[in-house]
Each structure stands twice: as C-alpha cells, then as structure tokens.
1. Among the numbered criteria (1) in contact (Cβ under 8 Å) with a residue 12 or more places away in the chain; (2) open to solvent by 90 Å² or more (accessible area, probe 1.4 Å), which single criterion is violated by L147?
2. Determine whether E134 is over 23 Å from the mean Cα position of the chain (by Cα), exposed (fewer than 15 other Cβ atoms within 10 Å of the Cβ) and free of Cβ contacts under 8 Å to residues at least 24 places away in the same chain.
3. So which pairs qualify, if the first residue must be in segment 157-169 and open to solvent by less than 80 Å² (accessible area, probe 1.4 Å), the second must be part of a helix (DSSP H, G or I), the Cβ gap must be under 6 Å, and the two must be at least 6 apart or on different chains?
4. Are any of the residues in segment 92-100 more than 20 Å from the chain's Cα centre (by Cα), among the polar types (S, T, N, Q) and part of a helix (DSSP H, G or I)?
5. Going through segment 21-43 one residue at a time, which ones are open to solvent by 100 Å² or more (accessible area, probe 1.4 Å) and of a type outside the set (A, V, I, L, M, F, W, C)?
6. L121 - would you say it is surrounded by 17 or more Cβ atoms within 10 Å (Cβ to Cβ), farther than 28 Å from I87 by Cβ and over 15 Å from the mean Cα position of the chain (by Cα)?
7. Pairs, please: C-beta under 7 Å, at least 6 apart or cross-chain, first residue touching a residue at least 24 places away in the same chain (Cβ under 8 Å) and within 17 Å of H43 (Cβ to Cβ) and in segment 79-97, second open to solvent by less than 50 Å² (accessible area, probe 1.4 Å) and assigned to a helix (DSSP H, G or I)?
Amino acid sequence: ALANYLARQIGRPLVVRRASDLIASYVGETEQNLAKTFRGAQHDGAILLIDEADSFLHDREAARHSWEVTAVNEMLTQMELFCGLLICTTNRLGQLDPASLRRFAFKIKFDYLTQEQCWQLFQAQAGPLPSGNEQAYRQALNRLTILTAGDFATVRRQAALLNLKLSAEEWLRRLTEECRAKPEQCHAPIGFMT
C-alpha cells in the first residue's frame, strides 16, 4: 500500500516482483531474472518493489547450496547499481544477509497497531456500537496487542465470503481469533524499504 501511495505521489509507475516472478529452476536463471527486472525498472523510471525480499537476501552464512549464494550476490550487486527507488518488504528482517542492510538508505518498521488505531479501525468496521458498551469493547481491543490492519482486512474478507454483516461482538470475536492464530514469535518487524 505504501509503495502504491508513493508511486502515485511522485508520478512514477510501480513494478512489483515476487519470488514466483524471479526464481527459476535452472542455475543462473534467477540471477538473469533479477538483472532484467532491475534494468527494466531503471529504464522505465519505475519504482521497483520486491515483495518478500528475504527470498533473495537471506543470510549467505545459512546457505546450503552455491546457487543460493549467487542469487544473493546478484541481488546485492543489482541493489548497489540501481539508480532508482527500490522498496523491499519482509517480515523476516533477522534472517537477512547483513550486507543487504547496508544497502538500504531507510528501514521502516511497520509495527502492530496502537490502541488508538485499533479503536478507530474497529469503530469504522463494526459500525455503531451497542449503547453503553464502548468501554468494554475498547478494553477488549486493548488486550489484542498484535493486531494489524491486515487482520481487519482478513475479517472483512471472511464476512464478504460468507455474505455476513458482522456485529461489533462478531468483529471482536474474529479479531481475537486472528491474534490467537499468530505464532508466539509473531512480534517481529513487519517491513522495511529504501
């Protein structure tokens, strides 16, 4: 969402690439795909977004195959040579190769929603709350400390798929379920960009 916003604000096209777009089954093809992607984005003056960049920037010390190292090396080289705006996303910041972090001018952490952000989203999604229960809903939401905007989007998708109009109580129940479904180590940063 941030990459789309930036692209609109500065009037540039946005090129989005995922691992499935770049990783190939034959040795050397992934590196070629990376180089082609960077060249194309630079030629078009586009913002380049690499989603789940940990697929290409994992710590080389943990690599088991030589091709894993060469793919990371190619990504690092392309990042170094790229004269455009590159945005990479990951929720596995701790598993990135240390050399990759030096290549990012900015690292932005998208953390969990604050209590106020949760409350505002909840009110916007759940609609009018039952009279006199606002404080109880707010306290219940405050206990859900690992909510993201994506959790609200997931509940909204659930309602759409089931063709349901969710009550405030149902919103709270489903948001609680989303938090319970997250692994305990889910307190990692959600993203970064350059």
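1. Among (1) in contact (Cβ under 8 Å) with a residue 12 or more places away in the chain; (2) open to solvent by 90 Å² or more (accessible area, probe 1.4 Å), the lone unmet condition for L147 is (2).
2. So E134 fits the description; yes.
3. Once the first residue is open to solvent by less than 80 Å² (accessible area, probe 1.4 Å) and sits in segment 157-169, its partners that are part of a helix (DSSP H, G or I) give L166/A159; A168/A126.
4. No.
5. Here is the first cut: in segment 21-43, the ones open to solvent by 100 Å² or more (accessible area, probe 1.4 Å) are 25-27, 32, 36, 39, 43.
Answer for segment 21-43, where residues must be open to solvent by 100 Å² or more (accessible area, probe 1.4 Å) and of a type outside the set (A, V, I, L, M, F, W, C): S25, Y26, Q32, K36, R39, H43.
6. Details: surrounded by 17 or more Cβ atoms within 10 Å (Cβ to Cβ): yes; farther than 28 Å from I87 by Cβ: no; over 15 Å from the mean Cα position of the chain (by Cα): yes.
The answer is no for L121.
7. Listed by first residue and then by second, the contacts come to F82/F38; G84/A41; L86/M79.
The values are calculated or read from the model by the stated rules, or taken from the named source; none is laboratory data. The structure presented is a predicted model; accordingly, all values stated were derived computationally and were not measured. Every residue, glycine as well, gets a Cβ built from its backbone with ideal geometry; the counts of neighbours run over all protein chains shown. Side chains included, ligands, DNA and RNA excluded: accessible areas come from the protein's heavy atoms. Shrake-Rupley method; radii C 1.70, N 1.55, O 1.52, S 1.80 Å.
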